[in-house]
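To keep things clear, I will list the structure first and then write my remarks on it.
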Amino acid sequence: MAKLIYSAIASADGYVEDAAGSFDWAAPGEELLAFVNDLERPVGIYLYGRRMYETMLYWETAHTVPGQPSLVREFASIWQAAEKIVFSKTLESVSSAKTRLERNFDPGMVRRLKSATEHDMTVGGADLAGQAIKAGLVDELQLFLVPVVVGGGKRALPDGARPALDLLDTRRFTDGGVYLRYRLKTV
């Protein structure tokens, strides 16, 4: 059975985007990107909301941009190899390979998918991840906190959700960022 993992890069004060909707401050450096590539390599399915999908769609063609560093090309390859499911009521169609569109987030479908697949899955986008956390679907939380305080914006974790956490791993990066990996305990 696959695990469902919510992985997010957030500011030190817990936001995935600032009040203006920007996340330029979250661009991973070389050390962090190499670490992320290692974490993402075994993922078989990405679950996205519309906005996260539109952001991640860059990786469909990132390998064609001249002069891309090898770590960027590697992440593009990892992303392209995985299946993707986009949950959106407004998106007309998807334009990346190995991608399907679902109109509604269905916790039962995600549970069945977790049971039927051997590779781990990730959920991307704070809104969709919040729904998955509240539905009790998320098994693991991977937070990358960068040394920036943005003072407001979109929170990495949903309001009202209070899952119990069990710390599994930490890592400190030379740029001052930290990785925190938690198992969400069932209560």
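The values are calculated or read from the model by the stated rules, or taken from the named source; none is laboratory data. The shown structure was predicted, so the numbers you read here are calculated from the model rather than taken from an experiment. Heads up, the Cβs are rebuilt from the backbone with ideal geometry, glycines too, and the neighbour counts pull from every protein chain shown. Calculation scope for accessible area: heavy atoms of the full protein, side chains included, ligands and nucleic acids excluded. Shrake-Rupley method; radii C 1.70, N 1.55, O 1.52, S 1.80 Å.
Could you list all residues from region 1-15 that are open to solvent by 30 Å² or more (accessible area, probe 1.4 Å), among the hydrophobic types (A, V, I, L, M, F, W, C) and within 30 Å of residue 116 (Cβ to Cβ)?
Of everything in region 1-15, those that are open to solvent by 30 Å² or more (accessible area, probe 1.4 Å), among the hydrophobic types (A, V, I, L, M, F, W, C) and within 30 Å of residue 116 (Cβ to Cβ) turn out to be 1, 9.
Looking only at region 83-103, decide whether some residue is assigned to a loop (DSSP other than H, G, I, E, B), under 19 Å from residue 7 (Cα atoms) and over 13 Å from the mean Cα position of the chain (by Cα).
Looking for residues that are assigned to a loop (DSSP other than H, G, I, E, B), under 19 Å from residue 7 (Cα atoms) and over 13 Å from the mean Cα position of the chain (by Cα), one finds none in region 83-103, hence no.
Per-residue answers, yes or no, for (1) assigned to a helix (DSSP H, G or I); (2) in contact with a Lys or Arg (Cβ under 7 Å, 6 or more places away or on another chain); (3) closer than 21 Å to residue 51 by Cβ; (4) of a type outside the set (Val, Ile, Thr):
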| site | (1), (2), (3), (4) |
| --- | --- |
| 111 | yes, no, no, yes |
| 114 | yes, no, no, yes |
| 129 | yes, no, yes, yes |
| 138 | no, no, yes, no |
| 143 | no, no, yes, yes |
| 150 | no, no, yes, no |
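Return the total of residues in region 30-71 being over 16 Å from the mean Cα position of the chain (by Cα) and under 20 Å from residue 169 (Cα atoms).
1
Got a number for residues in region 24-57 being surrounded by fewer than 18 Cβ atoms within 10 Å (Cβ to Cβ) and assigned to a loop (DSSP other than H, G, I, E, B)?
So the count comes out to 5.
I'm trying to understand the selection: among the residues of region 108-157, which are open to solvent by less than 30 Å² (accessible area, probe 1.4 Å), small (Gly, Ala, Ser) and over 18 Å from residue 185 (Cα atoms)?
The answer is 108, 124, 125, 126, 152, 156.
State all residues of region 65-75 that are in contact with a helix residue (DSSP H, G or I) (Cβ under 9 Å, 6 or more places away or on another chain), assigned to a helix (DSSP H, G or I) and not basic (Lys, Arg); if no residue qualifies, say none.
Across region 65-75, the qualifying residues are 71, 72, 74, 75.
Residues being among the small types (Gly, Ala, Ser) and on the phi < 0 side of the Ramachandran plot: count how many of those fall in region 138-183.
Residues in region 138-183 being among the small types (Gly, Ala, Ser) and on the phi < 0 side of the Ramachandran plot: 4 in total.
Go through region 78-107 and report how many residues are loosely packed, with under 14 Cβ neighbours inside 10 Å and either of a type in the set (A, V, I, L, M) or free of Cβ contacts under 8 Å to residues at least 40 places away in the same chain (or both).
Within region 78-107, residues that are loosely packed, with under 14 Cβ neighbours inside 10 Å and either of a type in the set (A, V, I, L, M) or free of Cβ contacts under 8 Å to residues at least 40 places away in the same chain (or both) number 11.
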